[in-house]
Every structure is written in structure tokens, then in C-alpha cells.
Amino acid sequence: MLQKRWALVEESPEDGWLRSANTKPALAQVLHNRGFADPQAAQQFLHSRDLHEAPLAMKDMPKAVERINRALLCGELIAIYGDYDADGVCATALLLTTLQKLGGNAIAHIPHRDAGYGLSKGALNRLAEAGARLVVTVDCGIRSVAEVAAGNALGLDFIISDHHSIGAVLPPALAVVNPRQKECPGEARLSGSGVAFMLALALLKDRWANDRANYPPGLRISDLLDLVALGTVADVMPLNVSLNRRLVAHGLAAINEGRRAGIAALAAVARLRLGTIQASDLAFRLGPRINAAGRLGSAEAALELLLAESPQAARTAAQRLQQLNQRRQMLTSAAQAAVDSQLEQAARETSAACQSAAAIIQGADRRMAGFLRPTRRNPTRQLARLRQVALQAEREITRIAGAESQWPLRQASTRWSSAICAIAKRAQRDYSRLSDCRARAKLLCKLEAERKKISALARAEIRRIQADAAEPMLIFAAGDEEAIPAGIAGLVAGRLTEAHYRPTVIVSLGDGESRASCRSISEFNITRALDACAHLLVRHGGHAEAAGFTVRNENLPALRQLLEKLVDAQLRGKALAPALSIDAPLQACDWNEKFLQELKALEPTGQAFPPAAFMTDNLRVLAYRTVGQEGKHLKLRVEKDGARIDAIGFGLGAWAANMPSHIDAAYHFESNEFNGRRSLQLHLLDIRPARQSHQNENPRY
């Protein structure tokens, strides 16, 4: 189980902050930790719900609006080109709905996952043949330079609406609406559905200015924000951004009112009750079900759900997504097991190869020991044998370290033998220049010491390689489509990154080309690393901690080596462990409904604006048991200062094997509903033995 670094924020807000905030010190500390300089700033952020945005001020937005309006006026076929993830599907549904309700002739195209991420020339050909004249991308296209150029040659106009990181060259589109552009005012950290909403809002404002009462039925702002909220949270966009927070808050209100038949039906199959849905439910209950369709091939089922107008059609689509999600879960577990097995086998093989390599170098060392001894004869023959022994050892190591992942061992042996041969060459050259026996002896002794040092360094490097095999700096695994479906690769990568806190690349091998998903940690920007590998890739894109790429199979070995070198250069020597940021200590007397209601002011919480994390030390464990599949989770009953409460720790089941009698706990304070009963509980983030703890003094239950 990965150890976390508990980081309790020690800095406390000033007394004036606490007095004017008129709230508990723990909650004041939480707000202070979220970056608010004073209570007024906190209250403004927490309670602001106004949406007075100026989308027409975004770079290229007026061009985009003008071209879309022309297409609407002339009855041109407009193709909405989306992405197959939840954000892309939500953005597609949003813009398609907008254009159709404005009277437009619009169709949607979401590529099958087998076609890969981004625009494809084949799909653009088919859209042109179908009569499309304008292509509006959502959540994709910012790096599709060649594809847009090819589409232009077919007579297609392009509006790129995207939020992903921008490459060195922009696609040759009529308009590029991406808030990440330097010249674009306003908030840069929007989701793809957030950018699509800004485009829809710009179209509405261009026609009706700020007269929202005249917006067509179904196109009032509240009619679209449920899609924005779902896409924003599912795409893990930062909720410390005021605009994202406001969009999600309004969207959650619409979702809880059940305005969209498809989302209401999906909530029902996810066993969520309307009126209680929070941002975390979008992230962990609804988002994965929307994503399931695209992960397993076609996102059409998800799009049908979001566009469903009747409750019956919505229920049918929701059941379909539920089935796909269950299949996705099974495939993910199978792929996870396959990757774990592959990594364990690779570690064993590399460890064995390292042991053999160390033995080979040690044996070569013994044979070379006398070759640089002072001698009355010219040592030419001995030096030739020295080179032969080194090169023979290198060949043996290369033979036993033939696996692709064992390239560091092969390189280490090559460096070692090259250094030994260089010593032999220096001895050959310098020995003949010296006539004095003492000088010759001194030279050979010096070179012998260097040889020993080189061999010692080589053995040390091999030991490091062996240690890295058990816990590599970069986790890299590949399997065919049956073992690792491309749509599942990102989930497996995410699990491995979470379990090991290392950058992870999972490759789904194809015929000729392969696709991969990457997940990373805060210390390593994976998209920047892929930019450095662009010459080896067909295409790539993403964010700092999540990305994907397509690669020709013949380039995979070189790509792996380059990525491992980049990771090693940046992360070697760093103490890598996930930090568990704890806002404040919490007393047991604060485990009450009143304080829980105060905490709800923080909602919506999520990426970059997490729920409050508290710590309480020296909790007495009254009872405990494992729950869930294979006992992965931990259920406890704990007590402090006479207050008793239940606690649940997901992924903490291993503690049950040796449970301390007293623990320190880091947790979210929340409510739990089960079988119609509501209770308060601690959602454990991590536990550790309390200082005076004794094992096995508490009962299971």
C-alpha cells in the first residue's frame, strides 16, 4: 500500500479573519487554505452565481459567429465534430441542440475510438461527400493541422472549438476558439463543453444581446448548463476557477431538477436521487457511464441519451449505458490483471538479468585482474586479451538482456566494455612512449585502479537498474487490443499512477500503429514530454497529467527509451510520494449536523478545490471489518472523547490484517445514506497508528 505524506497546513488565518468570518476555526482554516485572503473574498467566491460572461470577446469568436450565422441563413449542412469522451459528447449534444433549435441543418459526428483521437481525413471525406460545408469541432481539433488542411482542399470551412494545449502551429481554420490562446481574454481553464457553451452563448447574444427572455425554448442558459457541468467535472477541470464553479453550480441545479430526461434516467440507473446529486456524483457515477460508450467503441449511445426527448427513450439509452459500464468494469479488471502480470514478469526477468550481468562482470574482473600488472615485456598481448574479455562479457550481457525493457542494462554493459577498451587503448599508447620501468609500472597501476573503479561503478549501476525494475520511474506496458482495449488503457494507466505515484504509459497494440493513454503526477508534465517525442509519433495531445498518442509500431522501442530518459532526468533523486494535504485538526465535538451544513457551502468541490480534509488523532478503534470485493475496503467504528462515529476507508482493507487499537485518521466529514437511513460518517483518506497504539486490542464486527 502506497505511503502518503501527511501535510497538515500549519499557517492559520489571523484572528480578525476568524472574527469577521463568524464561523468555526476549522472551516475558517479551510477557506484560508483555499487561497482566500479575507472572508469577503471567500464569500464572494462561494456564493457568486452570476453568469454575465462576454463570449464575443474571446479570440476569433466574432469570426466563428459570423460564419455559423451565414451557414444558418443559407441552409448549409453544418457538421459538429466531437470527441468520444464525456466532455466531448456533452459538448457535441450542446452545440447540436443549439444549432438545430436556431433552425440550422446540423449533424453530429463523433469518431469511433478505433479511428483515434482528433480529426481524421477519412471522416472529413465522408462529411464532404454528405454535403457538409462547415465543420465545427468541439473538444478536439487544435492539433489537427494536416487534417484541417486536407479538409480545406475538399471545400470544407473549419471552426476549431477546443480547450486542449496548443501546438507550435495552429490548424488553418477560419476561426480557432480556444481560451488557451495567449491573445484570448478571460478564463483559459474551461472544459471542451465549457468552450462549446461559450460559442452557443455568443450565437444567442449576437441575436438577442442580453435579452435572455427571448432566447428560444430549450436554449435558455439553464437548459444547457447541465451538459456543461457534467462535461466539466468528468474532464477533471479545476473548480477553483470561479467561472467553472458557477457553471457547475448552475448545472447541478438543473440536473437535480431533472430537466434533461437522459441525465435523469442515468441518475436512476446509478441509484442517485434527484435533489441530492453533487459534483462528486458527476465524477464517479454519471461521468463513467457516459464515458463507457466511447471507451468501448462508439459514443453514439451516450449522445442518444443526452438528446433523448421522451422518458422511455431516455430509460432505454440509460440501460444501454449501464450495460456498457458493467462490461467496461469487467474489461478494466481483466486488463489491469494482465498489465500487473506483465509488469511483475518484466521485473522478475530484469532482476534475474541484472544478477547474471553482475556475475558476468565479476567473472570478467577476475580474468582481467592480471592484465595490467607491471611486466618486463610489452603488454600488447595482455591488452588485447583485456579487450577481448570485456567485449565477450558485453556480448553475453546483451544476449541475456534481450527484452525491450532491458535496454538500460544493455547500455550499461556497453558503457562498461567501452571504458575498459579505452583503458587498454591508453595503456597501449602510453606504455610505448615511456622508457623508464618505474614510469611504466606506475602507469599500469594507475590504469588498473581505474579499471577496478569502472567495474565497481558498472556493478553499482546494475544494482540501481535492478532496484528500478521493482519500482520503475516510468511504468510502461503494452498489450494487444484483446488484452488491453484502447478504450480501457486510460483507466488502467490511472489506476497504476494512483497505486505507484509514477508516470504511466499503457499501449494498446494495433496492426502497424498503436494507441496509448498516459497518466502522470504533478512533478512530470506528460504532454510536454510527448512534445519532445513528437518526431516519433503520428499524433498526440492532452494535458499536464493526462494525454494520449498514436505511434507507428516500429517507433515504440525508441519512444519508450526516450520517455524513460526524460522521466529519469526529471525525477531521479526526488522523494516521490503523493502528498495528503490536510486542512485542519478537527475535534470530535464537531462531528455534528450543524458543522456538516457549514461545510456544504464549499460545494461544488472537485479538482483543485477539494472537499475539506481533516485530521483527528488518537481515535480508539471500537470495531472493524473489511467490505467490498476481495475485502479491499475498511469499515470501522471509532471513538474519541465520548463521541462515536462510523468510518469507511476505500482501498484501506489491508489494515485489517494488523489493526492498531488507536489510530490517527485523515478524512472527509460527510453524511451517508443507506436503505433510506442517513447518518454521519468519516470518509477515510488514510490512517496511521497512533503513538500509544497497541495491536489486536479491538474486536472485528
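All of the numbers you see were taken from the coordinates with simple rules; none came from a lab. No experiment lies behind these values; they were computed from the predicted model shown. Note: ideal-geometry Cβ built from the backbone for every residue, glycine included; neighbour counts use all protein chains shown.
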Checklist entry - How do 30, 627, 138 rank when sorted from fewest to most other Cβ atoms within 10 Å of their own Cβ? => result 627, 30, 138
Checklist entry - Nearest 20 debye, what's the magnitude of the dipole of the range 344-470 about its Cα centre given +1 on Lys and Arg Cβ and -1 on Asp and Glu Cβ? => result 1020 debye
Checklist outcome for this item: Checked the range 89-133 against the a/c 1.5 cut and the a/b vs b/c comparison, axes a ≥ b ≥ c from its Cα gyration tensor; verdict oblate
Checklist entry - In terms of modelled amide H atoms, which long-range or inter-chain residues lie less than 5 Å from the amide H of residue 608? => result 239
Checklist outcome for this item: Taking alpha-carbon centroids only, the range 553-575 lies from the range 187-206 a number of Å equal to 37 Å
Checklist entry - For residue 153 and residue 341, FRET efficiency with R0 = 41 Å and r from the beta-carbon atoms, rounded to 0.05? => result 0.30
Checklist outcome for this item: Beyond 18 Å (Cα-Cα) in this structure, taken from 24/594; 24/635; 4/635, we find 24/635; 4/635
Checklist outcome for this item: Contour minus Cα-Cα span, residue 48 to residue 169, at 0.36 nm per residue, comes to 39.8 nm
Checklist entry - Per-residue HN-Hα couplings for the range 76-87, Karplus 6.51 cos²θ - 1.76 cosθ + 1.60 at θ = phi - 60°, whole Hz, x for Gly and Pro? => result 5, 6, 10, 9, 8, 9, x, 10, 8, 8, 4, 4
Checklist entry - Tell me, what ³J(HN,Hα) does each residue in the range 634-641 have, in order and in whole Hz, if you take phi through Karplus 6.51 cos²θ - 1.76 cosθ + 1.60 with θ = phi - 60° and put x for Gly and Pro? => result 10, 10, 10, 10, 10, 9, 8, 6
Checklist entry - Ranking 137, 550, 605 by Cβ neighbours within 10 Å, fewest first, what do you get? => result 550, 605, 137
Checklist entry - When each pair of different Cα atoms in the range 1-156 is counted once in the 1/r mean, what is the Kirkwood radius in angstroms, to one decimal? => result 19.7 Å
Checklist entry - Mean separation of Cα pairs under 8 Å and 6+ residues apart, divided by the residue count of the chain: what relative contact order is that in percent? => result 11 percent
Checklist entry - What is the percent of Cα-Cα separations in the range 55-309 that go past 28 Å? => result 27 percent
Item to check | Proportion of all alpha-carbon pairs of the range 472-571 beyond 16 Å (%) | outcome: 49 percent
Checklist entry - What is the distance, in nm, between label points placed 7 Å from the Cα along the Cα-to-Cβ direction at residue 414 and at residue 553? => result 2.4 nm
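If each DSSP helix of 4+ residues adds -39,500 (n - 2.57) and the sum is divided by the residues in the chain, what number results at 222 nm, nearest 500 deg cm²/dmol?
Mean residue ellipticity at 222 nm (helix-derived): -15500 deg cm²/dmol.
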Checklist outcome for this item: Largest-first semi-axes in Å of the equivalent ellipsoid built from the Cα gyration tensor of the range 344-470 are 33, 12, 10
Checklist entry - Residue by residue through the range 396-406, which ³J(HN,Hα) values in whole Hz follow from phi under the Karplus form 6.51 cos²θ - 1.76 cosθ + 1.60 (θ = phi - 60°), with glycine and proline marked x? => result 5, 5, 4, 5, 7, 10, x, 5, 4, 6, 9
Checklist entry - What area, in nm² and to one decimal, does the C-alpha convex hull of the range 226-265 cast on average over all directions? => result 2.5 nm²
Item to check | Out-of-range pairs (alpha-carbon distance over 27 Å; input 63/101; 59/101; 205/600; 574/600; 182/600; 101/182) | outcome: 205/600; 574/600; 182/600; 101/182
Next on the checklist: Looking at the chain, I'd like the Rg to Rh ratio, where Rg is from alpha-carbon atoms and Rh is Kirkwood's inverse mean 1/r.
Outcome noted: 1.06
Next on the checklist: For a quick check: with amide H placed at 1.01 Å from N, whose amide H comes under 5 Å from residue 682's, ignoring anything fewer than 5 positions away on the same chain?
Outcome noted: 646, 647, 648
Next on the checklist: Run the numbers for residue 565 and residue 671: contour at 0.36 nm per residue of separation, minus the present Cα-Cα distance, in nm.
Outcome noted: 33.5 nm
Next on the checklist: Can you give the Rg/Rh ratio of the range 280-377, where Rg is from the C-alpha atoms and Rh is the Kirkwood radius?
Outcome noted: 1.58
Checklist outcome for this item: Taking Cα atoms only, Rg over Rh for the range 80-203 with Rh from the Kirkwood formula is 0.93
Item to check | Bins of 5 Å from zero: percent of alpha-carbon pairs in the range 303-343 | outcome: 6, 23, 17, 14, 11, 10, 9, 6, 4, 1
Item to check | Contour minus Cα-Cα distance for residue 271 and residue 630 (0.36 nm per residue) | outcome: 126.9 nm
Next on the checklist: Using alpha carbons only, how many angstrom separate the centre of the range 336-392 from the centre of the range 107-170?
Outcome noted: 53 Å
Checklist entry - Going 7 Å from the Cα of residue 284 toward and past its Cβ, which residues in the range 670-684 have a backbone nitrogen under 11 Å from where you end up? => result 683-684
Checklist outcome for this item: Here the relative contact order (percent) of the range 55-309, from C-alpha pairs under 8 Å and at least 6 apart, is 23 percent
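By DSSP, what percent of the beta bridges with both residues in the range 472-571 are antiparallel, rounded to the nearest 5?
Approximately 75 percent, going by the DSSP bridge assignments.
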Checklist entry - If you place +1 on the Cβ of every Lys and Arg and -1 on the Cβ of every Asp and Glu, how big does the dipole about the Cα centre of the chain come out, in debye to the nearest 20? => result 3540 debye
Checklist entry - Which translational diffusion coefficient, to the nearest whole µm²/s, is obtained for the range 50-131 from the Stokes-Einstein equation, given a Kirkwood hydrodynamic radius over C-alpha pairs, 10 °C and 1.306 mPa s? => result 112 µm²/s
Next on the checklist: Among DSSP bridges having both ends in the chain, what percentage is antiparallel? Round to the nearest 5.
Outcome noted: 60 percent
Next on the checklist: Give the residue list of trypsin sites (Lys or Arg not before Pro) in the range 217-324 that are DSSP loop and have at most 11 other beta-carbon atoms within 10 angstrom.
Outcome noted: 271, 273
Checklist entry - Do any trypsin sites (Lys or Arg not before Pro) in the range 561-637 lie in a DSSP loop with no more than 13 other beta carbon atoms within 10 Å, and if so, which? => result 572, 574
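Treating only the Cβ of Lys, Arg, Asp and Glu as charged (+1, +1, -1, -1), what charge dipole size does the range 55-309 show about its Cα centre? Round to the nearest 20 debye.
It works out to roughly 380 debye.
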Checklist entry - How many angstrom lie between the C-alpha centres of the range 650-692 and the range 45-101? => result 45 Å
Item to check | Likely footprinting exposure, 36, 284, fewest C-beta neighbours within 10 Å first | outcome: 284, 36
Checklist entry - the range 201-289: D in µm²/s via Stokes-Einstein (Kirkwood Rh, Cα pairs, 10 °C, 1.306 mPa s)? => result 117 µm²/s
